[in-house]
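Below is one structure; the comments refer to it alone.
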Amino acid sequence: MNKKEIWFKAMSALLLILFLLISSKNFAQVIPAPESHFGFTPGTDRMLFKYDDLISYLQKVEKVSPKIKLKEIGTSPHGKPLYVAFISSEDNIKNLDKLKAINKELALNNNLTKEKREEYIREGKAFFLFTLSMHSNEVAPSQALPLIAYEFLTTENKEIKSWFDNVVYMVVPNHNPDGMDMVVDHYNKYKGTKYEGSSLPGLYHKYVGHDNNRDFVALTQSDTRAISDLYTTEWFPQIMVEKHQMGFGGPRYFISPPHDPIAENIDAGIWNWMKIFGSNTITKMTDAGLKGITQNYLFDDYWPGATETCIWKNVIGMLTEGASVKYATPIYIEPNELGAYGKGMSEYKKSINMPEPWDGGWWRLSDLMQYEITSTKAYLETASIYKEEILTFRNDICKKEVQKGLNQPPYYYVFPLKQHDQSELVELVNLLDKHGIAVFSLNDDINYNNTQFHKGDIIVPLAQAYRAFIKEILESQVFPARHYTPGGKLIEPYDITSWSLPLHKGVTVYEINENQQNFDGKYTEVAKPFNLFSEAEEDYHAVVLTVQNNNSYKVVFKALVEGVKVEQIEELYRVKGKEIPAGSFIIYKSKGFEKVKDQLNFSPLYINEEVTIKKRKLELPRIGLIESYFHAMDAGWTRYVLDSYNIPFTLLRPEEIKETDLNKNFDVLIIPDESKSVLIEGIYKSENQQYFMKYPPEYMKGMEKEGHENILKFVNNGGIAIAWREATELFTGIQKYASNDKINEEFELPVKDISDQLVKKGFACPGSLLKIELKENHPITYGMPAEIGVFHREGPVFRTWQPYFDVDRRVIATFPEKNILMSGYAENEEIIGNKSSIVWLQKGKGQIVLFSFSPQFRASTPATYKLLFNSILL
């Protein structure tokens, strides 16, 4: 080449380098900085953005950066779209579908060849799922995301860029968008007033509020299902962290590993990886000058239900908890106000679980967000360092769990098709499918240890990648009791101790612990969605829906809403060689029934004959449901169950009761679990101590004495009141009200909560399944077996006595004398033996039903739903 050609090539190369440098610089500039989009820098004192603003920022960034991809994953209960964002290298974002397929193979395929496995581990990436701010008053994780995304997408830091060669940062911008907007709107409404930073009245969710972190077994909520699908059946990330906040009076930040007790079905490798991530993260955060960081503190990990239920599905699942501020309002904390609460630290002092305490002072949203940003970086760095080991571990644990299922009992769970409540078996099979569990049916009859199983019975083998989850949710629970010292104080559970799906649903299951060869290979996978409904083979006059099936009530209430004729039989009915129990329903063939029969999940009995036995025509009851503004989660769950079963109701706030003509507008009042002081006075009291509630005053109103009397008059005049747990105190002991002629009537409801006395004797039950024996052939117990498990959580226990005047009572359910605990943990259970659990009362023309437990607890105890439905239909 001559000098001219050499010069020309050199200049061309130089221009290309300059172009690339300029393009790179301009590329960083076209990604909008968060402050240009929101109008303020996230974390600024007293400033918050809403969900749509957050998503629109990420969408704006996605348009100009090849390193980010948003995907819609579902909708919130109020219909807002839910997203997951992927941030990584440009090549990884281009190859997301390929990487997704690799994730699935490593997670579920226990038969990979050595060559293919090595290829996947080499070419795959560590997917790290972050879920943010599911509890909507815990704002910092979502508010920090724009700053994190902007830095990751524009950084020239070689170390950070290298992480994304190995890692895909997979983040749900906000787990609960409905609640996020509620909280921000509330904060802005009162900003600048003395009520700035006050608590949001009501629930920050359509139904469940704070309990959205308790739904990852039952999967009742659409947002829960969307998140669960991400790690269960869609993307199979190897690592997950759920980002929360806690109170402001203790440590500044918690990171995994958790405190004891831990789940015994989880492989040791999961816990060990938590330690690796936790150790690197606390080191990096401390090096960055962040103080007050704890591990092995307060939070345990023995129960499924939170987002970290993913650990039962072989994901390295972790939790962070940051110290809150008043949303975005700074707070000042005096040193004497700092304390340690719960297990892991007895004093707020330098310790192995908090090696660098925070000394107090001003605490701002921006401070907390710095902890969020630094912890996120540390987590991703750790995932990058150990990418190959993490991918190797994911396939190793898959193979290990399958081998356990083949070689260790239990080998199978078998569910007979013939069940007391066949509709709940259908629901259980479909729920297992949502959880990524393969479900099969027997090809032939099998006799096993003198038990006859039949062709079509449901069988779930444990030789599956998610074996730990299968075993956890299908066995009865034994709490992993651990003590602080040998023979010393028990480490108390953080939450509930029972979640067995068969017991909670009232479904019979058999655990196969030996002779598994009787079943090996003798089953076929069932079609999904699973359904046992079949059309009539000939013309019919009506259908009979047996009262044992929860699904019957769903169809019955829908039929009543549609104006379809429905009758309830009141005695045993023999037809077509079958015995139909009292309480069952007859729905007559009509165009209206054709509209509702698609909700059936079992086969009704089709009949042509006239039904001549004793029966009554059902009318749709007018229901009022009382719910305060005090984050009444139990009431929210009740609303969810009623909506799910097509049961219309009117929501009543306590302060509305005294001004409402209850008998004119309602037939039934439902009063879920809330304290008497909240319902009557609009304040919370416990053990004669009043607690300061941080709500604006307009939301702290009770029904007052007049409202309480109005409810008593409603009952006296023929209304039905249903209450449970703390709300039952409205209906115990001596009562009085002024009648229409202004004469004070005093009477006694002969029932009392004696749980305080029993607790002093040593009884304790933090949330377990206890057995009760039911009064048979009573309208409240229609469709129920003679004994069932109820979810008891430090609730009342009743004693009754002889009534007077126009009052009566019946004990509907009693705790047996012994063998009361069915699943979970209880101390000295025999103390409640022969005590009452459900009491029916009559006053004047009306009725009251009192439950010692929540019959719809977190929508996770369908075995007791019928007790509520029957009470509504009294």
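The values are calculated or read from the model by the stated rules, or taken from the named source; none is laboratory data. A quick note: this is a predicted structure, and the numbers were derived from the prediction, not measured. Neighbour counts run over all protein chains shown; Cβ positions are idealised from the backbone, glycine included. The accessibility values were calculated without ligands, DNA or RNA, using every heavy atom of the protein model including side chains. Shrake-Rupley method; radii C 1.70, N 1.55, O 1.52, S 1.80 Å.
Remarks
- For the chain, the Cβ-based charge dipole about the Cα centre amounts to some 1240 debye (Lys, Arg positive; Asp, Glu negative; other atoms uncharged).
- Stretching the chain fully between Q59 and E656 yields a gain of 210.5 nm (0.36 nm per residue, less the alpha carbon separation).
- Separation of alpha-carbon centers, segment 82-103 and segment 130-169, rounded to whole Å: 15
- Residues Q403 and E119, FRET efficiency given R0 of 22 Å [Cβ-Cβ distance, rounded to 0.05]: 0.45
- Helix 3-30 vs. the chain, principal-axis angle (Cα, 0 to 90°, nearest 10): 30
- Protein heavy-atom surface of segment 633-788, 1.4 angstrom probe: 44% of the accessible area is carbon and sulfur, with nucleic acids and ligands not counted.
- For a paramagnetic label modelled on K578 (point 7 Å from Cα along Cα→Cβ), amide N atoms under 20 Å away belong, within segment 410-431, to 416-428.
- The share of accessible area on segment 25-123 that comes from carbon and sulfur is 45 percent, using a 1.4 angstrom probe.
- Three-way shape call for segment 580-722 based on the alpha-carbon gyration tensor, with the a/c threshold at 1.5: prolate
- Average accessible surface area per residue within the chain, 1.4 Å rolling probe, Å²: 41
- Relative to the globular-protein estimate of 2.2 N^0.38 Å, the Cα radius of gyration of segment 288-447 stands at 1.53.
- Calculated [θ] (222 nm, deg cm²/dmol) that DSSP helices of n ≥ 4 give over the chain, each run adding -39,500 (n - 2.57): -9500 deg cm²/dmol
- Here K528 is the anchor, and the aspartates and glutamates within straight C-alpha reach of less than 13 Å, apart from those fewer than 8 places off in the same chain, are E427, D433.
- Averaging the Cα positions of each part gives two centres, and for segment 626-691 and segment 221-259 these lie 31 Å apart.
- Partners of K614 within straight-line reach, counting aspartates and glutamates whose Cα lies under 12 Å from its Cα and excluding those fewer than 8 residues away in the same chain: E567, E570, E571.
- Label point of T155 set 7 angstrom out along Cα-Cβ; within segment 75-108, amide nitrogens under 13 Å from it belong to 87-89.
- Sites N688 and K191 - FRET efficiency at Förster radius 41 Å, r taken between beta-carbons, to 0.05: 0.70
- Heavy-atom accessible surface of segment 181-262: percent carbon and sulfur, 1.4 Å: 49
- Each 10 Å bin from zero up to the one holding the largest Cα-Cα distance in segment 589-673 carries the following percent of pairs: 13, 34, 27, 19, 7, 0.
- Summarising the label geometry, the points placed 7 Å from Cα in the beta-carbon direction at V30 and N777 lie 8.1 nm from one another.
- Think of the chain as a dipole: +1 on every Lys or Arg Cβ, -1 on every Asp or Glu Cβ, centred on the Cα centre; then among L200, I587, T497, L200 lies furthest on the positive end.
- Pairs from the table (K104/K158; K471/K554; K104/K399; K98/K125) lying more than 19 angstrom apart at Cα are K104/K158; K471/K554.
- Added length on full extension, which subtracts the Cα-Cα distance from 0.36 nm per residue, I352 to E389: 10.6 nm
- Spread of Cα-to-Cα distances over 10 Å intervals beginning at zero, given as percent, for segment 401-536: 11, 39, 31, 12, 6, 1, 0
- Size descriptors for the chain (Cα atoms only): Rg and Dmax, in that order, 29.7, 120 Å.
- Heavy-atom SASA rank of E356, E537 (probe 1.4 Å, accessible area, largest first): E537, E356
- Bridging of K489 to lysines at a Cα separation below 23 Å is possible for K343, K349, K760, K761, once same-chain residues fewer than 8 apart are set aside.
- Between segment 375-409 and segment 817-874, the Cα center-to-center distance that results, in Å: 43
- DSSP-defined antiparallel bridges as percent of all bridges, the chain, nearest 5: 70
- Mean projection area, nm², convex hull over Cα of segment 116-252: 11.6
- Three principal axis extents of segment 29-142 based on alpha-carbon atoms, in descending order, are 56, 36, 24 Å.
- Taking only the C-alpha atoms of segment 341-395, the Rg (one decimal) and the largest Cα-Cα distance, Dmax (whole number), read 16.4, 47 Å.
- Rounded to whole Hz, the Karplus (6.51, -1.76, 1.60) HN-Hα couplings of segment 615-625, x for glycine and proline: 7, 9, 7, 8, 10, 5, x, 8, 10, x, 10
- Kirkwood-based shape ratio for segment 91-183, expressed as Rg/Rh from alpha carbons: 1.09
- Kirkwood-based shape ratio for segment 736-800, expressed as Rg/Rh from alpha carbons: 1.15
- Helix 365-385 and the longest principal axis of the C-alpha atoms of the chain enclose an angle of approximately 70°.
- Extended-chain gain in nm, criterion 0.36 nm per residue less alpha-carbon gap, E334 and V478: 47.6 nm
- Inter-label distance, A438 to K760: 5.9 nm, where each label sits 7 Å from its Cα along the C-beta direction.
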